[in-house]
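Written below as structure tokens is the structure these notes are about.
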Amino acid sequence: MLTQYEMQMYVEQQEKASFTEQANKRAQCKRLTSFIRLADYLIVHTMHTLAVNSISMLLSYLVTHSKCNYIPDAMHPRQLEPEEEQQLPALFITELIMEHSGLYFTPNSNHYFLGVGEIINRIQETTLSVKNLVSDDYFDDFTKPRINDKTEERSIGDGPSLASIFEDDKHLNGIITNINDALENAFEVASKYAETFETFRHYFRDNENLDVASVGQDEHVTYADVTFFAEALAEYKRQENETYAIVENMPVGMLLVDATQLKKEKSTDCDSALIPLL
């Protein structure tokens with residue numbers, strides 16, 4: 001508790017302070033400034049710990065949900081055994097798109113890298129929003145005391161920099177790298193599942209390239225050739241049955257692969273190829 005005399009040292013006086021009073025005021029202000037700086041270090045340490053723990057929890061959550069004991073086969077869906085079933089639900093949804101050039105996901109891994117990176121930045125920005133007390137104007141009477149109509153310079157700078165600590169923290173940077181690796185591994189597993197759709201893509205390409213008019217002009221195939229059309233009908237029927245068997249929402253690790261639109265387009269493709277032959 002400051003005495004009345006000590007309190008008067010922080011109030012701007014009309015008369016010039018003596019050298020003893022000036023030295024005493026500087027000493028007291030220096031002690032208070034050191035205490036404020038100590039509080040800043042405690043606050044920065046707490047904010048840094050909160051940020052690291054939050055990002056670590058994100059990594060733990062991703063790793064826990066990324067376990068995949070079984071990669072399903074789109075061509076041969078079956079009832080999974082208990083040890084093959086996922087114990088936890090998928091975290092993210094991605095749609096499987098089929099085109100002539102190949103199969104791809106949307107949103108893809110790059111989109112999720114950006115999204116998770118934005119989450120990490122928001123966590124850091126939240127902790128960085130807590131400003132240092134040393135540089136706060138409210139404490140200028142102690143950190144930059146006014147003595148004999150002259151403002152003293154702050155002797156300890158602006159305090160610790162949490163942004164620099166984040167940048168130099170190898171442990172934190174390692175956690176962020178592991179998060180990106182977990183996402184990359186999740187899409188690698190999903191890509192293996194997507195590879196089982198290659199047969200459907202070949203069906204899709206062949207049906208698109210089928211020229212019904214050229215079939216009628218082929219000298220080896222006539223409309224009286226029952227065998228050819230019987231085989232064609234059987235083929236498209238098989239494609240149709242396999243298409244109907246596609247699981248529209250398949251959990252694969254931390255990703256839920258949405259093949260609803262692909263299944264719909266493939267079903268339409270089978271019908272479009274079948275109708276001209278009737």
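Here's how it looks for Val252: its modeled amide H is under 5 Å from those of Val257, which are all 5 or more places away or on a different chain. The string of couplings for region 108-117 from the Karplus curve (6.51, -1.76, 1.60, θ = phi - 60°) is 9, 4, 4, 4, 6, 4, 5, x, 5, x Hz, one whole number per residue in order, with x for Gly and Pro.
Full-extension gain between Arg122 and Thr64, please, as 0.36 nm times their residue separation minus the C-alpha to C-alpha distance. Full extension from Arg122 to Thr64 adds 18.6 nm. The string of couplings for region 182-193 from the Karplus curve (6.51, -1.76, 1.60, θ = phi - 60°) is 5, 5, 5, 5, 4, 6, 5, 5, 5, 5, 5, 5 Hz, one whole number per residue in order, with x for Gly and Pro.
Between Ser34 and Ser191, what is 0.36 nm times their sequence separation minus the Cα-Cα distance? Round to one decimal in nm. The partial results should precede the final answer.
Working: separation 157, 0.36 × 157 = 56.52 nm, distance 5.71 nm.
That pair, Ser34 and Ser191, stretches by 50.8 nm at full extension.
Ligands, DNA and RNA excluded, the heavy atoms of Thr20 present near 110 Å² of accessible surface to a 1.4 Å solvent probe.
The values are calculated or read from the model by the stated rules, or taken from the named source; none is laboratory data. Computed from a predicted structure; not experimentally measured. Just the protein is used for accessible areas: all its heavy atoms, side chains included, with ligands, DNA and RNA removed. Shrake-Rupley method; radii C 1.70, N 1.55, O 1.52, S 1.80 Å.
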